[in-house]
Structures are given as structure tokens and as C-alpha cells.
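The structure appears below as C-alpha cells.
The values are calculated or read from the model by the stated rules, or taken from the named source; none is laboratory data. Keep in mind the model is a prediction, meaning the values are calculated, not measured. Virtual Cβ from ideal backbone geometry, glycine too; neighbours counted across all protein chains shown. Areas reflect the complete protein model, heavy atoms only, side chains present, ligands, DNA and RNA absent. Shrake-Rupley method; radii C 1.70, N 1.55, O 1.52, S 1.80 Å.
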Amino acid sequence: MSEDRRAPESVPADRLLITVAPTGAETAKADCPQLPTTPEELAATAIACREAGAAMIHLHVRDREHKPTLDLPLLREWVAAVRDNTDLVVQLSTGGSVHDPLDKRLQVLDAEPESCSLTMGTTNFGDDVFSNPWPFITELYQLAQERQVVPEFELFDLGQVHALSRLLDKFGLPAGGRVHCDFVMGVPGGMPGTAAALVAGVQTLPDAVTSWSATGIGRTTLAVALASLSMGGHLRVGMEDVLTIKRGVPVENNAQLVTRVAALGELAQRVPMSPDEARAFLAVR
Ligand code: KMH
Ligand code: ZN
């Protein structure tokens, strides 16, 4: 059973929200030719992941040279590639790449996604810094409220859970009134991808949180997925977060990762949520 408090009656308690993050901004196409980096490849990935059990897609967009971009026409093209081919809930990343300026990241909402990621603090990110100063967080949050885009709060560290309480206290609930977070664990510079860290994070969540998911980067993927399932949480997977299916064996495609967590969910007696159930669950328009 999921741990969700105040879940809408139309969504049975055994449902498992699977979000796929197929591309990310960190991996080069040259290093991983199977990474979807064109609208055509994205559409094929979205269809396969939907069939495998995903209900939402977390999108980072690439340009014609396969480089990360926040160019608005390309964002719109990628959103359309998903919408024209599937009924997946579309979540656009506002995190972008570590090199993207804050003003461009705010403009992501112009592409009219149903959901957007919203990271709750600055994090060391390997040798780089993923910058999320408080004024940026509050501006993005208020813009999302104004545009009725439902944020998914990304939590890379335990201090960011506290920052989420602060944000909700000061600015109130998101559009739709539900509060969904995602623990992004195992980033070098953030919290570790361990069951202990997930327990600590979940224990500190503000009361206003209605649901949460978790993803473990790299080799922490399975530990985090199993810990999340054991606590009634939801799951994110995808080639943004992990590129090997087991030690030394590259992931073939995103659907392989979705299929694996859907099977783990089945063992835990959880049924993949459909995109329409996810819309009700997240209060996405
Ligand atoms: N690419 C990372 C620096 C998000 O999508 O909002 C940030 C990230 C978070 O992936
Ligand atoms: Zn992302």
C-alpha cells in the first residue's frame, strides 16, 4: 500500500506512481548512443515507457547537436512529441544543466508543462554546483502558482526538506493543493542513496506533503527503489539517473528500467498508476 495521506478517492491506495527521467542534462550522446536526444527518439521512449508502466515523464531537452538546451521552441517541440504520442503527464525540468542561467530556467514554464521540477536548494553536483538560491526558488514557485503548473519538489539533501517547510509556510500550497516531492539521492554532494537517509528524509517531511517518490543515482538505484517501496513511496527511474542495469552492463533503453521497477512494485503488491490516475493524484490540470 502507498503511504499517501489524503489521496483522492479515485486513486486506489495500492497504486504506484512511476516517473521516467529519460535523458537528463549530464550524459553526452557520444558516450551513450542509446540516450534519447531527438524528438523522434523521445517519442519512441515515451511510448515504450508508458507501456512498461510509467505515468509521468521528467524532461530535459536537447538541441540538434544533442546538447542540453532551454530554447523555448525546442522545449515546445519535445512536449508535443510526448503529447502527440502518449497520455503521459509532462513534467519539464527547471533544473536544466549546471551551466544554465537562472533566468532561462524560469522561462521553462512558458512551454506550458503540466508539472515542473523545483529543487529546494543549492547542491554540490560532482565537481560542479547546481545553483538554487532562495530568491530563485521563491520566484519560480510563485510563477508556478500563477500559471497553475504543479511543482514536484526535488530534494537532494535533508536541509532541503526543511526549506520546503519554509516555502509552504510562507507562500501556501501549490496549484491543485497537493504537495508531491521526489528524493534525488546519491548525487556526489547531496544525501547518500541509502535506506537510512530516506527514512530520515521522510520523517522530516512537512505535514502538507501528500505524496513522495525517490530515485537513487547510479549504483544506488536499487537500494533506493527497494527502500521507497518498503515505505510505501513512489519511484522515479531513467537514464538521467542511471546508465547501467547491473555492474558493467549498460542500460539498453529507458523502458528496461521502467519494466524493472514495475516488477519490483508488483512484488510489493503495487499496481502502476495510469497517467489519468496520476493527474488526479497530483492534482494536475
Ligand atoms: N541536471 C541537474 C543539474 C531537475 O531536473 O530539476 C539538475 C536536475 C534537477 O536534473
Ligand atoms: Zn532532471
- Task: Can you tell me which of 149-160, 267-278 comes out highest on packing, and rank the rest after it, using the mean Cβ neighbours within 10 Å?
- Result: 149-160, 267-278
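About the Cα centre, and with charges only on the beta carbon of Lys, Arg (+1) and Asp, Glu (-1), how big is the dipole of the chain? Nearest 20 debye, please.
Details: 24 positive and 36 negative charges, 91 e Å.
Computed about the Cα centre, the dipole is about 440 debye.
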- Sorted largest first, extent of the chain alpha carbons per principal axis (Å): 44, 43, 37
- So how strong a dipole does segment 149-238 carry about its Cα centre when Lys and Arg Cβ are +1 and Asp and Glu Cβ are -1, to the nearest 20 debye? 80 debye
- Select from 232, 272, 148 the residue farthest towards the positive end of the dipole of the chain; place +1 on Cβ of Lys and Arg, -1 on Cβ of Asp and Glu, and compute about the Cα centre. 232
- Message: Quick check: pseudo-label points 7 Å beyond the Cα along Cα→Cβ at residue 13 and residue 276, how many nm apart are they?
- Response: 2.4 nm
- Task: Taking H placed 1.01 Å from N in the peptide plane, check which residues at least 5 places from residue 212 or on another chain put their amide H under 5 Å from its amide H.
- Result: 181, 234
- Item | Helix-only mean residue ellipticity at 222 nm for the chain, each DSSP H run of n ≥ 4 adding -39500 (n - 2.57), per residue, nearest 500 | -11000 deg cm²/dmol
- Item | Charge-dipole axis of the chain as Lys and Arg at +1 and Asp and Glu at -1 on Cβ define it, positive-most pick from 28, 59, 179 | 179
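Which value, in Å², gives the accessible area per residue of the chain when a 1.4 Å probe is used on the protein heavy atoms?
Using a 1.4 Å probe on heavy atoms only, each residue of the chain averages 40 Å².
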- Could you state the number of Å between the C-alpha centres of segment 70-98 and segment 207-241? 22 Å
- Could you give me the ³J(HN,Hα) list for segment 266-282, computed from phi with Karplus coefficients 6.51, -1.76, 1.60 and θ = phi - 60°, whole Hz, x at Gly and Pro? 4, 4, 8, 6, 10, 10, x, 6, 7, x, 5, 5, 4, 4, 5, 5, 9
- Positive dipole terminus of the chain, leading residue within 244, 94, 158 (C-beta point charges): 158
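Can you work out the FRET efficiency for the pair residue 256 and residue 196, with r the C-beta to C-beta distance and R0 = 25 Å, to the nearest 0.05? Working shown, then result.
Details: r = 28 Å, r/R0 = 1.13.
That pair, residue 256 with residue 196, gives E of 0.30.
Give the carbon-plus-sulfur fraction of the accessible surface of segment 1-139 in %, rounded to a whole number; probe 1.4 Å, heavy atoms of protein chains only. Please list the in-between numbers first.
Values: 2870 of 5740 Å².
C and S atoms contribute 50 percent here.
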- Under 20 Å from the 7 Å Cα→Cβ point of residue 112, by amide nitrogen: which residues of segment 46-70? 57-61, 70
- Message: Would any residue of segment 116-150 have its amide N under 18 Å from a label point 7 Å out along Cα→Cβ of residue 166? List them or say none.
- Response: 118-124, 130-142
- Item | Distance between modelled label sites at residue 267 and residue 244, nm, 7 Å Cα→Cβ extension | 2.0 nm
- Choice from 222, 173, 42 showing the highest fluctuation, given a GNM over the chain with Cα pairs closer than 10 Å: 173
